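We did not get these values from a lab; they are worked out from the coordinates using the rules stated. Not measured: the values here are computed from a predicted model. No Cβ is skipped: glycine too gets one built from the backbone with ideal geometry, and neighbour counts run over all protein chains shown.
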There are 2 protein chains.
Amino acid sequence: MSNFGRIASLRPPVAINLAERSAASSCGDCGARHHGMCDALSDEELIFLSGAAQHLSLPAGKLFMEEGEPAQYFYNVNSGTVRLFKALPDGRRQITGFAGPGHFIGLAGEMNMISAEAMEPVRLCRFSRAGLRSMLTEFPALERKLLDVAMHEIVLGQQQMLLLGRKTALERISSFLLSWAQRQEICGPGKLPRPHARLSLPLSRTDLADYLGLTIETVSRSLSHLKKQGLIEIPSIHEIVLLRPQALADIAEAAG
Amino acid sequence: MSNFGRIASLRPPVAINLAERSAASSCGDCGARHHGMCDALSDEELIFLSGAAQHLSLPAGKLFMEEGEPAQYFYNVNSGTVRLFKALPDGRRQITGFAGPGHFIGLAGEMNMISAEAMEPVRLCRFSRAGLRSMLTEFPALERKLLDVAMHEIVLGQQQMLLLGRKTALERISSFLLSWAQRQEICGPGKLPRPHARLSLPLSRTDLADYLGLTIETVSRSLSHLKKQGLIEIPSIHEIVLLRPQALADIAEAAG
DNA sequence: GGCGCGCAGTGATCCATATCAAAAAAAGCA
DNA sequence: TGCTTTTTTTGATATGGATCACTGCGCGCC
């Protein structure tokens, strides 16, 4: 077990995201089974790994990884949600994804290829990138898991490219609502949520706009439009009720 | 060496993409070193793997993988270029990437998450997806390699999301020309091509439009605009000379 | 309770890019 | 080679979503 064991003995053995271990679920986007990041490892392995990590708590809004800086660390989210984004010098911003409990951040590249910011209070484990390769060699199950989630992320990215490149504002919003329902595991793999499913939406309109490649005004108008059509209800700013998921799906996929 | 060895003995030992082995190069997008897919394996391993593959030759235009169908196979490109895309029922199409020699296609998901089509005559190796997991276990170096390229693909996807979600037509074209130059290894990692570098562009305007989330008319107009500004020359439909790469970079990143 | 401030919604206008139309250039093909 | 077909370029017009401007709401704070 080499160096990880040694480090672990010096630190409290808090497992990486151990809380997530039981939360196994099947993915609607590709039919594969995705689990909390570390369900692949034994308790013992998690404890060793955890020893190699620094445990951080960040306040909402904290930018902890910045595009273009040398990639010293990579991170595993324990709780809270992180916004991943790229920005242009003039301030335009594209959110490329959201990382929740169990997600890894900052694995690719010698430089950070993306910025990461806490959207709410976040706890995470920070690892030295220098140790990544030996970690993977030490724990083949972790490598397999990373490959699985990386491939899943590629699939999500492809879906987002279709959305950003070819869908209308209304289609983007509809697609987003349905994919967010899946993310929240409100509905099973590839299935629609049941009518009247309630979605919690802890994003500001600005985040939503920057994720969907729209302006906040267009996001607001599109949501109002769906409401007027009776497809959704908006009981509060951070809650949306999907009255007619099938109708949303028809819009999202330009069917009907 | 289990089953792959047995299969190999029944077939001519043509290595997967062996030609690519010497073509190692460093990547401008993230500073990491990416090699031809199989440089991680020994000749012997390649021969075994190759034995598990069916070797196919496809004509230009051949659609060999279709979104939504059960994922029976995955592929490794030997020569030629493949277009990867998603389409909406009404015909709108988003090309999410291009796969050249050494690239793997169809690794993710129980269903094909994307369609793949030969852009020119293509030779590829086809593997059964059922054997993927044992292949990875058998050849850990392959797994590491796949993880590397998957992470690289994620980085490219994030760049494309920024382009599709937030960049103007002119910025998209400029970004594309520069990234295509890197892809063709006309310039080093993260560097600009030298002034007057000649780019070969084996894409139709339609492919370009569907990759950049624009219409063919806008693509054509943007290229004409760059030509009028003296930043590029267009000696033929499939060739572009980058007269002033720095100026293109300024447009691409909304600097200057 | 009232005040201030940031966020969200809505209306009016504008503009970048799509759409429609046609000419020009290139690619097949007999 | 000349004819046909397809692709690209260019022009004219339309439009979806951006931008600008303002109103309204929720919430913390005094």
Assertion target for B:K86, B:K62, ordered by fewest C-beta neighbours within 10 angstrom first, is B:K62, B:K86
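Need one word for the stretch A:168-252: rounded, prolate or oblate. Basis is the Cα gyration tensor (sqrt eigenvalues a ≥ b ≥ c); a/c below 1.5 gives rounded, then a/b vs b/c decides. Write out the running numbers ahead of the final one.
Working: a/c = 1.45, a/b = 1.36, b/c = 1.07.
Rounded, because the longest to shortest axis ratio a/c is under 1.5.
Which of A:S175, B:S200, A:S220 comes first, and how do the rest follow, when ranked by fewest Cβ neighbours within 10 Å?
In increasing order of surrounding Cβ atoms, one gets B:S200, A:S220, A:S175.
Among the listed pairs B:K167/B:K227; A:K167/A:K228; A:K62/B:K191; A:K191/B:K145; A:K145/B:K145; A:K167/B:K227, give every one whose C-alpha distance is greater than 23 Å. Write down the numbers at each step before the final one.
On the way: B:K167/B:K227 20 Å; A:K167/A:K228 21 Å; A:K62/B:K191 32 Å; A:K191/B:K145 34 Å; A:K145/B:K145 14 Å; A:K167/B:K227 30 Å.
Result: A:K62/B:K191; A:K191/B:K145; A:K167/B:K227 exceed 23 Å.
Stretched out fully, how many nm does the piece from A:D90 to A:T215 gain, at 0.36 nm a residue minus the Cα gap?
43.5 nm
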Please arrange A:L243, A:L147 by counting, for each residue, the other beta carbons lying within 10 Å of its beta carbon, fewest first. A:L243, A:L147
FRET efficiency, B:E239 to B:K191 (Cβ-Cβ, R0 35 Å, nearest 0.05): 0.95
Treat each spin label as a single point 7 Å out from the Cα along the C-beta direction, and report the A:Q229 to B:H55 distance in nm. 5.3
The distance between the Cα centres of the stretch A:174-230 and the stretch B:93-150, in whole Å, is 32
What spacing in nm lies between the two simple spin-label points modelled at A:S204 and B:T206, each 7 Å away from Cα in the Cβ direction? 4.4
Give me the one-decimal nm value for the distance between modelled label points at B:E253 and B:E69, 7 Å along each residue's Cα-to-Cβ direction. 4.3
Cβ-Cβ cut-off under 13 Å around A:L208, Lys and Arg +1, Asp and Glu -1: the net charge is +2
